[in-house]
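Engineer: Before I ask anything, let me first share the structure, which is written out below as structure tokens.
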Amino acid sequence: VQLQASGGGFVQPGGSLRLSCAATGGTFSRATIAWFRQAPGKEREFVAAIRSSRHTYYANNVQGRFTISRDNAQNTVFLQMNNLKAADTAVYYCALDHNLILSSIRQAGEYDYWGQGTQVTVSS
């Protein structure tokens, strides 16, 4: 499985970005896909995830501002990010796993496949 993340960029506070994560290989429709992010000097943190059932999960600090979705026909997951804040500045990574249990969905170490990351910078 290979993951390609894209869509990052520079945006002012209050602005929006849409990240994409395109997958090749594996059985995409049965996989759980998540977004994590890592700011300089900080640990990688969970942002959002979507299961094959399309159930979604969010970190508290992005709930209501970010929306994760998937298009199985395109083997792609999207992360719509609205009302961005300076604290959202980080490298965003997508991750995929085929056998993730629900209790592990927020744990980076449980995902087998990772994309290369895309930089998101929120600044005035």
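The values are calculated or read from the model by the stated rules, or taken from the named source; none is laboratory data. None of these values were measured; they are calculated from a predicted model. Here the Cβ is made from the backbone with ideal geometry for all residues, glycine too, and neighbour counts use every protein chain on show. Side chains included, ligands, DNA and RNA excluded: accessible areas come from the protein's heavy atoms. Shrake-Rupley method; radii C 1.70, N 1.55, O 1.52, S 1.80 Å.
Engineer: Look through the range 111-124, keep the residues that are under 16 Å from the mean Cα position of the chain (by Cα) and of a type in the set (S, T, N, Q), and return whichever of them is least open to solvent (accessible area, probe 1.4 Å). Give the steps one after another, and end with the answer.
Structural biologist: Let us first name the residues in the range 111-124 that are under 16 Å from the mean Cα position of the chain (by Cα), namely 111-121.
Subset that is of a type in the set (S, T, N, Q): 116, 118-119, 121.
On the way: Gln116: 93, Thr118: 18, Gln119: 87, Thr121: 40 Å².
Here the residue is Thr118.
Engineer: Taking Ser20, is it within 13 Å of Tyr92 (Cβ to Cβ), under 11 Å from the mean Cα position of the chain (by Cα) and either β-branched (Val, Ile, Thr) or open to solvent by 50 Å² or more (accessible area, probe 1.4 Å) (or both)?
Structural biologist: Numbers: within 13 Å of Tyr92 (Cβ to Cβ): yes; under 11 Å from the mean Cα position of the chain (by Cα): yes; either β-branched (Val, Ile, Thr) or open to solvent by 50 Å² or more (accessible area, probe 1.4 Å) (or both): no.
No.
Engineer: Which residues, taken from the range 99-117, are in a strand (DSSP E or B) and either of a type in the set (Lys, Arg) or touching a Leu at 6+ places or on another chain (Cβ under 6 Å) (or both)?
Structural biologist: Kept after step one, since they are in a strand (DSSP E or B), are these residues of the range 99-117: 113-114.
Listed by number, the list holds a single entry, Tyr113.
Engineer: A further question on this structure: All but one of (1) open to solvent by 20 Å² or more (accessible area, probe 1.4 Å); (2) under 20 Å from Trp114 (Cβ atoms); (3) at pLDDT below 95; (4) not β-branched (Val, Ile, Thr) hold for Phe28; which doesn't?
Structural biologist: Every condition holds for Phe28 apart from (1).
Engineer: Now for a separate question. Can you find a residue in the range 37-58 that is open to solvent by less than 40 Å² (accessible area, probe 1.4 Å), touching a residue at least 24 places away in the same chain (Cβ under 8 Å) and among the hydroxyl-bearing types (Ser, Thr, Tyr)?
Structural biologist: We begin by selecting, within the range 37-58, every residue open to solvent by less than 40 Å² (accessible area, probe 1.4 Å); these are 37, 39, 46-50, 58.
Still in the list and also touching a residue at least 24 places away in the same chain (Cβ under 8 Å): 37, 39, 46-50.
Those left that are additionally among the hydroxyl-bearing types (Ser, Thr, Tyr): none.
Checking the range 37-58: not a single residue is open to solvent by less than 40 Å² (accessible area, probe 1.4 Å), touching a residue at least 24 places away in the same chain (Cβ under 8 Å) and among the hydroxyl-bearing types (Ser, Thr, Tyr).
Engineer: Please work out which one of (1) under 21 Å from Val122 (Cβ atoms); (2) among the aliphatic types (A, V, I, L, M); (3) exposed (fewer than 14 other Cβ atoms within 10 Å of the Cβ) is the condition Ala73 fails and give its number.
Structural biologist: Here Ala73 clears every test but (1).
Engineer: Somewhere in the range 101-110, is a residue within 24 Å of Thr24 (Cα to Cα), crowded, with 21+ Cβ neighbours inside 10 Å and touching a residue at least 24 places away in the same chain (Cβ under 8 Å)?
Structural biologist: Residues of the range 101-110 within 24 Å of Thr24 (Cα to Cα): 101-102, 104-110.
From what's left, crowded, with 21+ Cβ neighbours inside 10 Å: none.
No, every residue in the range 101-110 fails to be within 24 Å of Thr24 (Cα to Cα), crowded, with 21+ Cβ neighbours inside 10 Å and touching a residue at least 24 places away in the same chain (Cβ under 8 Å).
Engineer: Looking at Leu84, Leu79, Leu96 in this structure, which one is outside any strand (DSSP E or B) and either modelled with pLDDT of 95 or more or open to solvent by less than 80 Å² (accessible area, probe 1.4 Å) (or both)? Don't jump to the end; show me each part of the working.
Structural biologist: Details: Leu79 fails: outside any strand (DSSP E or B); Leu96 fails: outside any strand (DSSP E or B).
Checking each option against the conditions leaves just Leu84.
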